[in-house]
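Report on one structure; see the data block that follows.
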Amino acid sequence: MSEPYYTYHVFFCINQRPAGEPCCAQHGSPALRDYAKGRVKALDLAKVRINTAGCMDRCSQGPVLVVYPEGVWYRYAGKSDIDEIIEEHLVNGRVVERLRI
């Protein structure tokens, strides 16, 4: 069996619900997904793929992302949380317990 092309797939919910219903997009998830893509590229983490997801059905906990293959779900509030997830989980392989849901 060959080595996987990516070590990690990170899925960001960027769903926008109508009429002010709770959703990840209300909390800036598209911009923070773009920020994560830029950070991963700047750090030359070629084995990490940042992906877009539609509704992940955790709207009340948003914004959310999930890291596979482990299936670890995170809630984040801004760039510093994204930086911590990248550094700790994607670089060092350690789950960020304070952001885990």
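The values are calculated or read from the model by the stated rules, or taken from the named source; none is laboratory data. Fair warning: this is a prediction, and the values are worked out from it, not measured in the lab. Note that each Cβ is placed from the backbone with ideal geometry, even for glycine, and that neighbours are counted across all protein chains shown. Side chains included, ligands, DNA and RNA excluded: accessible areas come from the protein's heavy atoms. Shrake-Rupley method; radii C 1.70, N 1.55, O 1.52, S 1.80 Å.
List of remarks:
- Shown in residue order for the range 48-57 are the 3J(HN,Hα) couplings computed by the Karplus curve 6.51 cos²θ - 1.76 cosθ + 1.60 at θ = phi - 60°: 10, 10, 8, 10, 9, 10, x, 4, 9, 6 Hz (x for Gly and Pro).
- Here the relative contact order of the chain, from alpha carbon pairs under 8 Å that lie six or more residues apart, stands at 31 percent.
- Between residue 42 and residue 88, the C-beta separation translates, for a Förster distance of 25 Å, into a calculated FRET efficiency of about 0.90.
- Cα point-scatterer Debye curve for the range 50-101, base-10 log of I(q)/I(0) at q = 0.18, 0.23, 0.29 Å⁻¹: -0.54, -0.90, -1.36
- With 0.36 nm allotted per residue and the present C-alpha distance subtracted, the residue 97-residue 17 stretch has 26.0 nm of extension available.
- Here the chain exposes an accessible surface that is 50 percent carbon and sulfur, computed with a 1.4 Å probe and the other protein chains kept in place.
- Between residue 34 and residue 9, the modelled labels are 2.4 nm apart [label points 7 Å from Cα along Cα→Cβ].
- With respect to the chain, whose longest principal axis is taken over its alpha-carbon atoms, helix 29-42 is tilted by about 20°.
- Length available on full extension from residue 80 to residue 26: 0.36 nm per residue minus the Cα-Cα distance, which gives 17.6 nm.
- 10 Å binning of all Cα-Cα separations within the chain, expressed as whole percents from 0 upward: 16, 51, 26, 6, 0
- Accessible surface for the chain, divided over its residues, is 57 Å² per residue with a 1.4 Å probe.
- Proximal lysines relative to residue 79, as straight alpha-carbon distance under 18 Å, when same-chain residues fewer than 8 apart are discounted: 37, 41
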